[in-house]
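Enquirer: I'd like to ask you about the structure that follows.
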Amino acid sequence: MGKIIRATGITALCVVQWADHLSTWAKEVGATVLHEIELDEEDRVLWGIVEVEELQPEVISALESMTRLINHSNTISAGYEKRVVVRELLKLHDAGLRLPAQEMKEWAAAHGWTSESPKRLANFATRINEGARPRAR
C-alpha cells in the first residue's frame, strides 16, 4: 500500500479484503468500508483471523515518533533506523504493553513507511512479544 499511496493521479482505490481486515489501515487513511465480511467462528479459525486490536495511545505515540525519526528511504533492518525502531518497541514492551503486530504494520503502511519496513516492524513486534530482545545496533 505504501507504493500506491505515493503514486500520483490516483483519485480512488478499491481494496478487497481477504483474511486481513485492514481496518487499522482503512481508519488511518480515511477509507470508506463498503462491505464488512462476516465469518462464523469455524471460518475465522480456518483462515487464522484474529480480532482486531485498537492501538493504544502509547503505541501510536511511539509509532509517530519512529515515523519522524527514521529515514524512510533506508531499511529498518540495520543501522540508525533499526536502533530507533527496536529501542521504541522495547520501551513499550518493558512498560507492559502488548505490541499488536498486524495493526502496527497497517498503521505504518498508512503513514508513509515504504517497501518492506511495515512488514519488518511487524516482525520485530512479534518477536518482542514472544520474548526476544533484538539488538539495537
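Enquirer: Name the residues in region 102-127 that are under 8 Å from the mean Cα position of the chain (by Cα) and more than 16 Å from THR67 (Cα to Cα), would you? Write out each step before concluding.
Expert: Filtering region 102-127 for residues under 8 Å from the mean Cα position of the chain (by Cα) gives 102-109, 118-119, 121-122.
Across region 102-127, the qualifying residue is only GLN102.
Enquirer: Hey, could you check region 123-133 for residues that are touching a helix residue (DSSP H, G or I) at 6+ places or on another chain (Cβ under 6 Å) and open to solvent by 10 Å² or more (accessible area, probe 1.4 Å) and say which is nearest to THR75 (Cα to Cα)? Let's see the steps before the verdict.
Expert: From region 123-133, those touching a helix residue (DSSP H, G or I) at 6+ places or on another chain (Cβ under 6 Å) are 124-126, 128; that's our starting set.
Checking which are open to solvent by 10 Å² or more (accessible area, probe 1.4 Å) leaves us with 124, 126.
Values: PHE124: 13, THR126: 18 Å.
So, considering only residues that are touching a helix residue (DSSP H, G or I) at 6+ places or on another chain (Cβ under 6 Å) and open to solvent by 10 Å² or more (accessible area, probe 1.4 Å), the one nearest to THR75 (Cα to Cα) is PHE124.
Enquirer: Oh, and also: For region 108-135, enumerate the residues that are free of Cβ contacts under 8 Å to residues at least 40 places away in the same chain and assigned to a loop (DSSP other than H, G, I, E, B).
Expert: Those that are free of Cβ contacts under 8 Å to residues at least 40 places away in the same chain and assigned to a loop (DSSP other than H, G, I, E, B): GLU130, GLY131, ALA132.
The values are calculated or read from the model by the stated rules, or taken from the named source; none is laboratory data. As the structure is a computational prediction, the values presented were derived from the model and not from experiment. Every residue, glycine among them, receives a Cβ derived from its backbone with ideal geometry; neighbour counts consider all protein chains shown. When the accessible area is computed, the model is the full protein with side chains, heavy atoms only, and any ligands, DNA or RNA have been set aside. Shrake-Rupley method; radii C 1.70, N 1.55, O 1.52, S 1.80 Å.
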